[in-house]
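Read the structure below first, then the notes.
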Amino acid sequence: MTEKHVVFDTDPGIDDAMALLYLNACENLKLHAITTILGNADIEQCTRNALILRDLFRIDVPVYKGSAIHINGTEPDDYPDFVHGADGLGDVGLPEYSGDIEREDAVSALIDLSKKHEGELVILAVGRLTNLALAVQQDDGFAGRLQEIIIMGGAYQHPGNVTPFAEANIIGDPEAAEIVFRTETPLTMVGLDVTTQTRMSHEYLEPVVGGLAFGDFLLAINRTYADYHVRTEDRHDFPVHDSSALVYATRPDLFETVTGHLSCTAEGEERGRTVFREDANGPHKVCINIDSNAMLEEYGQRIASFYRG
Ligand code: RIB
Ligand code: CA
């Protein structure tokens, strides 16, 4: 597979951390920047977490701070500390970090990178789509310069995980999602239809990250994540949200997709619902199936060969 030029737009987040771990191990993904967005915690904490993870995984790319508010100017009422902990990374004690954010903001950086890598840039967006929507609003040419957007978010034939209809990243900022969908930029939705098909557990992760310099930290944060799923589903394993979108970027052959048009419901009890109309000529793809065993093998092998040499 040829190299992809990518930006990681993220709200770290326990599963965001696991996705970044995998992204860093993918030699066919050339990461140019990490842009942050509020979501699993507020923007200050999510940005701090991005700096921590960058140090932990020894990733040499700039971190740009994203929007602290939604596209319509509102602020979140609260953050999902019951899933990711108050610090967004499991409340297990955050490692020290040394670097700093860039002076430029995330939206300007996204626009600049789209010019620098015109026609080649792939945005891997695993949080709400606010930064992307702001870039669309600030620069008419932004969306047209992207090669593709791959999102973790949404649900097609699967119920939501925040309401019966809506997934967290999309209901976080439905107006932003609609702005991004309307650009008709090629976009693949890696939503709950597939991210709930693959599950990880301590038993799976221990041999994958155990013994690495940051292994204990990753196992601890995933214990917090697992605890949430014990409380809510009575299961010790947990769905693989953000990493599934990253695996799609490198191994699309593991996924079954349908093509068509996405839109997002903004009003009423279905607010945040991703609505999909199948059309072979549409700009959007929705993942509907995944080879979960192959995905877990891909994830584990990629981590082993990169971090264990
Ligand atoms: O619904 C799952 C998504 O919400 C993931 O991106 C997770 O990190 C949270 O932001
Ligand atoms: Ca996320």
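The values are calculated or read from the model by the stated rules, or taken from the named source; none is laboratory data. Keep in mind that what you see is a predicted model, and the values were worked out from it rather than measured. No Cβ is skipped: glycine too gets one built from the backbone with ideal geometry, and neighbour counts run over all protein chains shown. For accessibility, only protein heavy atoms count, side chains too; no ligands or nucleic acids. Shrake-Rupley method; radii C 1.70, N 1.55, O 1.52, S 1.80 Å.
Of the strands (runs of 3 or more DSSP E) lying entirely inside region 214-298, those containing at least 3 residues that are modelled with pLDDT of 95 or more and open to solvent by 50 Å² or more (accessible area, probe 1.4 Å) are 274-278.
If you go through region 151-167 and keep only what is within 16 Å of ligand 2 (Cβ to nearest atom) and surrounded by fewer than 24 Cβ atoms within 10 Å (Cβ to Cβ), you end up with 160, 161, 162.
Of all residues in region 239-271, those that are within 16 Å of the chain's Cα centre (by Cα) and over 19 Å from residue 122 (Cα atoms) total 2. Residues in region 60-88 that are in contact with a strand residue (DSSP E or B) (Cβ under 7 Å, 6 or more places away or on another chain) and open to solvent by less than 20 Å² (accessible area, probe 1.4 Å) were compared, and the one that is nearest to residue 221 (Cα to Cα) is 63. For region 168-191, filtering for residues that are touching a strand residue (DSSP E or B) at 6+ places or on another chain (Cβ under 7 Å) and more than 16 Å from residue 260 (Cβ to Cβ) leaves 3. On inspection, residue 132 fails the criterion of being part of a loop (DSSP other than H, G, I, E, B), modelled with pLDDT of 95 or more and surrounded by 15 or more Cβ atoms within 10 Å (Cβ to Cβ).
Residue 45 meets all of the listed conditions (1) within 22 Å of residue 224 (Cα to Cα); (2) in contact with a strand residue (DSSP E or B) (Cβ under 7 Å, 6 or more places away or on another chain) but one, namely (2). Just one of the listed residues (142, 214) is away from ligand 1 (no atom under 16 Å from the Cβ), more than 28 Å from residue 265 (Cβ to Cβ) and touching a residue at least 12 places away in the same chain (Cβ under 8 Å), namely 214. Note on region 191-220: residues that are among the small types (Gly, Ala, Ser) and under 14 Å from residue 293 (Cα atoms) amount to 1.
Out of 188, 196, which single residue is under 20 Å from residue 30 (Cα atoms), surrounded by fewer than 23 Cβ atoms within 10 Å (Cβ to Cβ), at pLDDT 95 or above and under 19 Å from the mean Cα position of the chain (by Cα)? From the options 188, 196, the qualifying one is 188. Inspect region 169-186 for any residue being without any contact (Cβ under 8 Å) to a residue 12 or more places away in the chain, outside any helix (DSSP H, G or I) and farther than 22 Å from residue 56 by Cβ and give the result as yes or no. There is no residue in region 169-186 that is without any contact (Cβ under 8 Å) to a residue 12 or more places away in the chain, outside any helix (DSSP H, G or I) and farther than 22 Å from residue 56 by Cβ. Against the list (1) touching a Leu at 6+ places or on another chain (Cβ under 9 Å); (2) crowded, with 20+ Cβ neighbours inside 10 Å, the condition residue 39 fails is (1). The listed residues are 36, 74, and the only one of them that is within 17 Å of residue 153 (Cα to Cα) and either of a type in the set (Ser, Thr, Tyr) or away from ligand 1 (no atom under 12 Å from the Cβ) (or both) turns out to be 36.
Condition (residue is surrounded by 14 or more Cβ atoms within 10 Å (Cβ to Cβ), away from ligand 1 (no atom under 14 Å from the Cβ), farther than 23 Å from residue 25 by Cα and free of Cβ contacts under 8 Å to residues at least 12 places away in the same chain) applied to region 110-121: is it met by at least one residue? Scanning region 110-121, I find at least one residue that is surrounded by 14 or more Cβ atoms within 10 Å (Cβ to Cβ), away from ligand 1 (no atom under 14 Å from the Cβ), farther than 23 Å from residue 25 by Cα and free of Cβ contacts under 8 Å to residues at least 12 places away in the same chain, so the answer is yes.
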